[in-house]
Amino acid sequence: MDLNLVIKALGNPMRMQILNWLKAPKQNFPVESQLVDADVDGVCVSIIQEKSGLSQSTISVYLATLQRAGLVNAKRIGPWTYYQRDEQNIKLFLSQLELQL
């Protein structure tokens, strides 16, 4: 894991907010708008976009940055992409960061 890439991804307040929202997806996103179980499959980009108030293209770029950093996983279901946190990589990042400090 590239610590600098993760730190850069977390340096944007909205990317950090998205990661925080995805920590408790059913709490942070309306269940009735979900076509899948958010805890199992993640949250659709359009639902994240709606909550953020930003454009879909901006949210897609933010999610791609978080994915490259290893903080989220993407899953295609039909025409939609769903995102969820990669808890294993987040724990790895935190342990590696602790070793560096």
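The values are calculated or read from the model by the stated rules, or taken from the named source; none is laboratory data. These figures come from a predicted structure and were not determined experimentally. Here Cβ is always computed from backbone atoms with ideal geometry, including for glycine, and neighbour counts include all displayed protein chains. These area figures cover heavy atoms from the full protein model, side chains too; ligands, DNA and RNA do not enter into them. Shrake-Rupley method; radii C 1.70, N 1.55, O 1.52, S 1.80 Å.
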Pairs returned, first residue in the range 39-60 that is among the charged types (D, E, K, R), second residue that is crowded, with 17+ Cβ neighbours inside 10 Å and in a strand (DSSP E or B), beta-carbon separation under 8 angstrom, 6 or more apart or interchain, are 41/82; 41/84
One residue is enough: does the range 20-41 have a residue meeting the conditions under 15 Å from residue 85 (Cβ atoms), under 10 Å from the mean Cα position of the chain (by Cα) and open to solvent by 60 Å² or more (accessible area, probe 1.4 Å)?
yes
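This table checks each residue for (1) within 13 Å of the chain's Cα centre (by Cα); (2) within 23 Å of residue 100 (Cβ to Cβ).
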| position | (1), (2) |
| --- | --- |
| 7 | no, yes |
| 15 | yes, yes |
| 54 | no, no |
| 61 | yes, no |
| 68 | yes, yes |
| 73 | yes, no |
| 76 | no, no |
Looking across the range 1-19 at residues that are among the charged types (D, E, K, R) and in a helix (DSSP H, G or I), the single one that is least open to solvent (accessible area, probe 1.4 Å) is 15
Residue hits (the range 60-80; in a strand (DSSP E or B) and surrounded by fewer than 19 Cβ atoms within 10 Å (Cβ to Cβ)) are 73, 74, 75, 76, 77, 80
When residue 84 is run through (1) among the polar types (S, T, N, Q); (2) touching a Leu at 6+ places or on another chain (Cβ under 7 Å); (3) open to solvent by 60 Å² or more (accessible area, probe 1.4 Å), the failure sits at (3)
Residue 49 meets each of (1) part of a helix (DSSP H, G or I); (2) under 24 Å from residue 101 (Cα atoms); (3) over 11 Å from the mean Cα position of the chain (by Cα) with one exception, condition (2)
Note on the range 81-101: residues part of a helix (DSSP H, G or I) and of a type outside the set (A, V, I, L, M, F, W, C) are 87, 88, 89, 91, 95, 96, 98, 100
Going through the range 64-88 in order, the residues found to be within 16 Å of residue 20 (Cβ to Cβ), touching a strand residue (DSSP E or B) at 6+ places or on another chain (Cβ under 9 Å) and among the polar types (S, T, N, Q) are 84
